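Here, each number is a calculation from the coordinates, and none is a lab measurement. The shown structure was predicted, so the numbers you read here are calculated from the model rather than taken from an experiment. Virtual Cβ from ideal backbone geometry, glycine too; neighbours counted across all protein chains shown.
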There are 2 protein chains.
Amino acid sequence: MIGSTIENLLLENQSDFLISADKVAHVMDTNPLTHALLVLSKVRYSKIPVLNAQDELVGFIGLTNIVDEMFDLDEVEPNNLNDKKVADVMDVDITFINNTSDVERLFHLAVDHPFIPVSDENNKFMGIVTRKELLKAVNHLMHTLGNDYDLKPKKVEIRKFG
Amino acid sequence: MIGSTIENLLLENQSDFLISADKVAHVMDTNPLTHALLVLSKVRYSKIPVLNAQDELVGFIGLTNIVDEMFDLDEVEPNNLNDKKVADVMDVDITFINNTSDVERLFHLAVDHPFIPVSDENNKFMGIVTRKELLKAVNHLMHTLGNDYDLKPKKVEIRKFG
């Protein structure tokens, strides 16, 4: 339990941590791999979301997935990308959340995920929560607690039985 | 100021946040680009440190740097990598720290840097601090404060003049 004081301080400078879908670079599952390669080399993120025609999150793709596909043993062969689609090489192991106000779960997931995708109850992709935004809030939390709060260990209650 | 209670709780489970150099994948500035491509596609990190023969950090390289170099307008041309070295395409804009015990600066830098390189006073590369390790410590901090501490806003002192 992280407690309401901490939750309130984390969210003091923003309504939530969401970066909305219209601001997040993505590709479609039916896009040619060569298109994804262009997008990824332009945006310079290591991994971006893949959506289907219903705006549902169906995977992630990064340069690693595409470079892997180009390798013939130790040689790079760009023709390997011809006729391949994003869906053929994307990672489909997805962890997402429906509720950005579950701060405890967000911070727990952020340990292993550079960003956490958010979907609504109909599975529509709503955006992402990034480690960067969470760390901004952590800096604010730690400074406010350090400057404006007294932090006292709770007294340990010793119970005697019998 | 983040305060000693918070600093002590952040470091309760570890002596510092450093992942030592021998555990960090890296390439040398004189390595051929094709070698860096192999290393990066194997380790699956988006960016790794580049060291020189004196074990000094001289840059970073990621798949993006290498893919950029392969592009001829819209076509991928792997022969563009021939005879190129890591030093020719690496990012040389480096932010590093000498002192992992400056927790305040670490968390400040982590907002904009997925990992923070650490060098000793002779410029020798010592390792990195990652957002993952910092976020682990944040989770511990928030749970301990939430469960075991009383958080009370300090009384605001109202001074009357005159």
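Inside segment B:53-69, residues that are without any contact (Cβ under 8 Å) to a residue 60 or more places away in the chain and closer than 30 Å to B:Asn98 by Cα make up a count of 10.
If you go through segment B:22-55 and pick out every residue that is within 11 Å of another protein chain (Cβ to nearest Cβ) and farther than 20 Å from B:Thr95 by Cα, you end up with 10. Residues that are out of contact with any helix residue (DSSP H, G or I) (no Cβ under 8 Å at 6 or more places or on another chain) and not small (Gly, Ala, Ser) were ranked within segment A:6-31; the one that is nearest to A:Lys84 (Cα to Cα) is A:His26.
Of all the residues in segment A:118-156, those that are assigned to a strand (DSSP E or B), more than 27 Å from B:His113 (Cβ to Cβ) and within 14 Å of chain B (Cβ to nearest Cβ) number 5.
Of all residues in segment A:70-98, those satisfying the criterion of being surrounded by 13 or more Cβ atoms within 10 Å (Cβ to Cβ) and free of Cβ contacts under 8 Å to residues at least 12 places away in the same chain are A:Met70, A:Phe71, A:Val76, A:Glu77, A:Pro78, A:Asn80.
Among the residues of segment B:99-117, write down those that are surrounded by fewer than 16 Cβ atoms within 10 Å (Cβ to Cβ) and more than 10 Å from chain A (Cβ to nearest Cβ). Passing the criteria: B:Asn99, B:Ser101, B:Asp102, B:Arg105.
Can you tell me how many residues within segment A:70-93 are in a loop (DSSP other than H, G, I, E, B) and touching a strand residue (DSSP E or B) at 6+ places or on another chain (Cβ under 6 Å)? The number of residues fulfilling the criteria is 2. As a summary of the residue check, A:Lys84 satisfies the conditions (1) under 30 Å from B:Asn139 (Cα atoms); (2) more than 9 Å from every other protein chain (Cβ to nearest Cβ) except for the one numbered (1).
If you go through segment A:111-147 and keep only what is under 28 Å from B:Arg105 (Cα atoms) and hydrophobic (A, V, I, L, M, F, W, C), you end up with A:Val111, A:Phe115, A:Ile116, A:Ile128, A:Val129, A:Leu134, A:Leu135, A:Ala137, A:Val138, A:Leu141, A:Met142, A:Leu145.
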